[in-house]
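Working notes, beginning with the structure itself.
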Amino acid sequence: MPVRLARLLAGFLATLFAASFVIFAAVYAAPGDPAVFLAGGRDKLTPERLAAVRAQYHLDEPLVVQYGRWLWDCLHLDLGRSFKYSDQVSDLLAARLPTTLALVAYATLLFVVLGVGAGVLAAVKQSTWVDSAVVGGTTLAASVPSFVAAIALVSVFGVQLGWFPVTGSGNGFAGTVHHLTLPALSLALGALALISRVTRQAMAEAAASDHVEAARASGIPEREIVRRHVLRNALGPIVTMCGLVMAGMLAGTVVVETAFGMSGIGSLLVGAINTHDFPVAQAVLLLMVTGYIAVTTVVDLVHPLLDPRVREEARTT
Amino acid sequence: MTTYKRRAVTAGLAAAGLLTTVGCSGADTAATGGAPADAAKLKLTATTPAAQGAVAKVNWLLEDEPDSLDLDTQGTSAGRVVLTNVCERLYQLQPDMTIKPFLAEKAATPDDRTLVLTVRDGVTFHDGSALTADDVLWSLKRHADPDMEQSDEFPNVASMEKTGADEITIRFKKPDALFTKALAGDAGIVWNKEQVEKAGEDFGTPGQTDACSGPYALTGWKSGDSITIRAYDGYWGEKPLTQEVVFRWAADSALVNALKTGAADGTFAESPNTASALRGVKGLTQYYGLSTATLDLIPTERGGLKDPKIRKALSLALDRAGIAKSGYGGFVEPWASPVGSGSWGYAKTEFTAAQKELAATSPASPDADDIAEAKRLIKEAGAPTEPIVIGTDATQGRTVVANAVRAALQRIGLKGTIKTVPTAQFEEFYSDPQARAEIDVLVADWYISKSDPMGFYDNGLSDSSNNWVGFKDATYDEKVRQALGTLDDDERATLAIDVQKLFADAAVWIPVAQVPSVLVLDDELTGAPASQAYLYYPWAAGLGAKKG
């Protein structure tokens with residue numbers, strides 16, 4: 001296990017390093033000149049002024065030198081100052097991160113509970129009307145893009161019925177839950193369908209295996225079989241898929257944030273890209289990639305704990 | 001970005017370039033709900049009826065989070081809407097778009113090149129310290145620093161000195177008619193030197209205090225969440241009726257929904273689509289105010305529109321009334337000059353008459369004579385062989401304008417193609433000649449911060465970076481320079497009208513419509529100005545309950 005852990009950690013760092021360079025270069029290569037924005041207005045767009053601004057922000061140095069400078073500062077936990085807000089990037093992130101994390105956590109809770117629940121239900125009641133209803137309902141849900149869901153939910157439950165607030169992220173636990181319910185639901189809808197499908201499929205496969213047949217033949221109650229043999233064996237792919245979907249959500253909240261007027265990481269990133277705010281765009285992207293890699297690494301670590309077969313494999317390799 | 005400035009968020013999408021589809025689908029769906037307005041019947045007012053009673057708290061919406069609350073380093077509309085209640089200027093822009101001395105209690109001009117300001121006595125900053133002539137001088141010098149946003153207001157200033165205990169004397173290299181108007185804008189803010197220096201690099205960022213003397217003090221800025229201002233107890237002037245204002249921000253449909261559900265009490269809507277979506281909503285009232293903003297076509301020197309005759313022909317054939325109706329729900333008014341009527345801070349009668357005359361070159365709806373004249377001009381100039389490329393982004397209004405331009409070109413026998421780019425890239429057309437090299441005309445919007453048309457017409461000078469068609473006219477240049485140096489309002493108005501005519505004759509820009517400022521307010525509130533003065537006037541101080 002310690003060897004495996006070390007290997008995973010090394011992989012994590014190597015991926016992060018590679019990703020950081022790609023992010024840096026990509027943001028740098030984006031069309032448009034940040035100096036135009038930094039110069040502060042068209043009346044000042046003289047070549048001399050632009051050159052001075054470029055020098056001031058080290059934009060005139062070769063890409064690798066800039067990357068080195070950035071990496072060095074990052075390692076010292078200094079993410080720089082935003083071009084746009086002139087505030088510390090770390091402060092901007094700290095202010096917006098809780099909203100996005102709460103949103104993703106809430107959405108994850110929703111899609112895991114409802115998605116796995118629906119999947120189990122469909123698998124247990126395979127080939128009945130329940131199964132068809134779940135499959136049909138989730139197909140419909142999967143085909144609705146999150147921004148459409150957001151607009152529909154807002155107009156029905158926010159504007160018409162007035163049950164939920166339509167903007168902002170709320171204060172305190174109750175306030176946050178109240179504010180985030182509709183956004184989290186819009187975000188979870190697509191994922192919910194995916195997870196229920198994966199759950200249903202994995203359960204069906206597990207249910208068809210020999211040991212389940214054997215258990216059933218030996219007269220163990222059906223409920224017990226589903227819980228101890230079918231679900232347990234199906235858990236691997238379900239957890240992996242849940243982890244991947246959740247990790248993907250970290251980068252996909254922007255649409256929902258905009259529709260609900262919430263200032264989170266996603267809208268910060270889009271604003272930063274539009275204004276060529278390099279330090280913010282790079283930091284947010286790095287954070288998203290780190291989050292993604294971290295979640296998938298955790299899934300890798302958890303997987304053997306759930307499935308003895310994988311654990312055995314890990315030990316022998 | 002001081003004298004002339006694009007309306008940064010008219011597109012309403014400053015923060016959502018990737019989201020054009022999302023943002024628009026929300027706003028557009030909503031927009032179809034409201035009844036269209038009739039621009040000709042929109043009553044443009046300076047202010048709303050006076051308030052009668054106090055209000056404890058008002059929730060206000062901005063279209064974006066302010067970049068910074070230091071307007072010297074980062075001046076945006078969102079920042080101004082907040083800070084104008086917190087910070088005061090040496091002059092003050094009034095709701096009717098005139099200006100008057102303010103923190104400068106008195107202003108004297110012993111000669112054309114000298115301005116003597118007497119600093120108002122008894123004013124304290126929000127930290128309790130007294131506002132002094134030293135603070136005024138320090139602030140002016142900060143504004144004039146070449147790195148600061150307002151530095152371009154000071155090119156004619158030869159010296160700024162303290163010449164008495166409460167007296168500042170500014171000397172000019174040559175007379176500057178717009179300087180006092182700049183002092184009613186961001187170049188006239190008086191900062192508390194001690195507080196600004198104490199905050200250092202962090203001044204204007206979340207978590208800092210303000211350094212001003214206005215009716216409200218900044219009490220909190222939670223980055224990414226809200227900004228709160230509260231009435232300042234030690235204020236030297238009249239006490240505000242509203243005790244606290246909480247600012248939040250949202251774009252497009254989120255903004256519309258927040259107002260519809262009462263989550264917010266008001267907003268100054270920068271996008272006509274927002275106004276359109278909120279028209280006739282129960283519980284909300286809309287007021288339309290004077291503004292300097294316009295929609296324009298800005299031709300480039302590439303391609304067919306390089307020829308002034310072709311530009312004039314296009315102007316004659318453009319269906320401005322149609323654009324106003326289908327692109328902007330009737331919230332804009334066909335217009336014949338590149339600045340809105342809010343720029344007429346003086347000589348209103350003369351400017352109104354001159355505007356009517358200009359309508360001959362920029363008709364609201366072209367008639368048969370206009371089309372015939374346009375065709376004649378094209379025949380004279382020779383029709384361009386290449387199609388005319390119209391640059392736009394995907395926002396609803398601009399798309400309609402672009403299509404109207406193409407239709408106008410078609411009507412007079414020319415061909416047009418539309419080039420649509422993302423909003424972020426669209427902004428680069430304004431500043432980058434290389435980006436502009438791919439278009440012949442830009443569907444643009446523009447406003448000036450000063451209530452003086454001469455704040456705009458230097459864009460037509462032969463060496464101006466905003467004169468894209470390479471318009472060169474010695475008479476024009478001479479008249480602009482003369483007007484900018486004429487302190488007498490009536491004399492300057494006469495010159496400005498001449499200048500405006502020359503600009504229109506050459507069709508350096510092609511005006512489309514004037515865009516009023518729109519205030520959307522909860523039914524129970526009143527008292528805020530409706531005009532564009534909301535960017536420079538403490539609008540929240542007058543806001544209160546309708547009933548006492």
Does residue B:494 count as in contact (Cβ under 8 Å) with a residue 60 or more places away in the chain, within 14 Å of chain A (Cβ to nearest Cβ) and β-branched (Val, Ile, Thr)?
no
Take the residues in region A:135-177 that are more than 10 Å from every other protein chain (Cβ to nearest Cβ) and polar (S, T, N, Q), then tell me which one is surrounded by the most Cβ atoms within 10 Å (Cβ to Cβ).
A:138
Sort through A:148, A:245, A:198 and tell me the only one that's more than 29 Å from residue A:294 (Cβ to Cβ), under 28 Å from the mean Cα position of the chain (by Cα) and assigned to a helix (DSSP H, G or I).
A:148
Looking at (1) touching a helix residue (DSSP H, G or I) at 6+ places or on another chain (Cβ under 6 Å); (2) assigned to a helix (DSSP H, G or I), which is the one condition that is false for residue B:406?
(1)
Got a number for residues in region B:224-254 being of a type in the set (S, T, N, Q) and in contact with a Ser or Thr (Cβ under 8 Å, 6 or more places away or on another chain)?
2
Would you point out the residue of region A:61-89, among those that are without any contact (Cβ under 8 Å) to a residue 60 or more places away in the chain, surrounded by 15 or more Cβ atoms within 10 Å (Cβ to Cβ) and more than 9 Å from chain B (Cβ to nearest Cβ), that is farthest from residue B:75 (Cα to Cα)?
A:67
Go through region A:208-242 and count every residue that is surrounded by 14 or more Cβ atoms within 10 Å (Cβ to Cβ) and either under 31 Å from the mean Cα position of the chain (by Cα) or closer than 30 Å to residue A:292 by Cα (or both).
15
Take residue B:258 and decide whether it is open to solvent by 10 Å² or more (accessible area, probe 1.4 Å), outside any strand (DSSP E or B) and within 14 Å of chain A (Cβ to nearest Cβ).
no
Mind counting the residues in region B:291-303 that are away from chain A (no Cβ under 14 Å) and open to solvent by less than 30 Å² (accessible area, probe 1.4 Å)?
9
Need the failing condition index for residue A:316 against (1) at pLDDT 80 or above; (2) open to solvent by 20 Å² or more (accessible area, probe 1.4 Å), just the number.
(1)
Taking the criterion of being of a type in the set (S, T, N, Q), assigned to a helix (DSSP H, G or I) and open to solvent by 10 Å² or more (accessible area, probe 1.4 Å), would at least one residue in region B:345-354 satisfy it?
yes
Does residue A:93 qualify as being hydrophobic (A, V, I, L, M, F, W, C), more than 14 Å from chain B (Cβ to nearest Cβ) and surrounded by fewer than 24 Cβ atoms within 10 Å (Cβ to Cβ)?
no
The one condition in (1) more than 14 Å from every other protein chain (Cβ to nearest Cβ); (2) buried (at least 23 other Cβ atoms within 10 Å of the Cβ); (3) under 25 Å from the mean Cα position of the chain (by Cα) that residue A:253 fails to fulfil
(1)
Using beta carbons and a limit of 8 Å, which pairs, at least six apart or on different chains, have the first residue in region A:207-226 and of a type in the set (S, T, N, Q) and the second one surrounded by 10 or more Cβ atoms within 10 Å (Cβ to Cβ)?
A:209/A:233
Just to verify a result, which residue in region A:118-134, among those that are under 22 Å from residue A:185 (Cα atoms), in contact (Cβ under 8 Å) with a residue 24 or more places away in the chain and not β-branched (Val, Ile, Thr), is most open to solvent (accessible area, probe 1.4 Å)?
A:118
Restricting region B:263-282 to residues that are outside any loop (DSSP other than H, G, I, E, B) and at pLDDT below 90, which is farthest from the other protein chains (Cβ to nearest Cβ)?
B:272
Those residues that are at the interface with another protein chain (Cβ under 8 Å from one of its Cβ atoms) and either surrounded by fewer than 23 Cβ atoms within 10 Å (Cβ to Cβ) or part of a helix (DSSP H, G or I) (or both), I need them from region A:256-300; list them, please.
A:258, A:259, A:267, A:268, A:270, A:271, A:273, A:274
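The values are calculated or read from the model by the stated rules, or taken from the named source; none is laboratory data. The shown structure was predicted, so the numbers you read here are calculated from the model rather than taken from an experiment. Ideal geometry is used to build each Cβ from the backbone, glycine not excepted, and the neighbour counts take in all protein chains shown. To get the accessible areas, we keep the full protein, side chains included, count just its heavy atoms, and leave off ligands, DNA and RNA. Shrake-Rupley method; radii C 1.70, N 1.55, O 1.52, S 1.80 Å.
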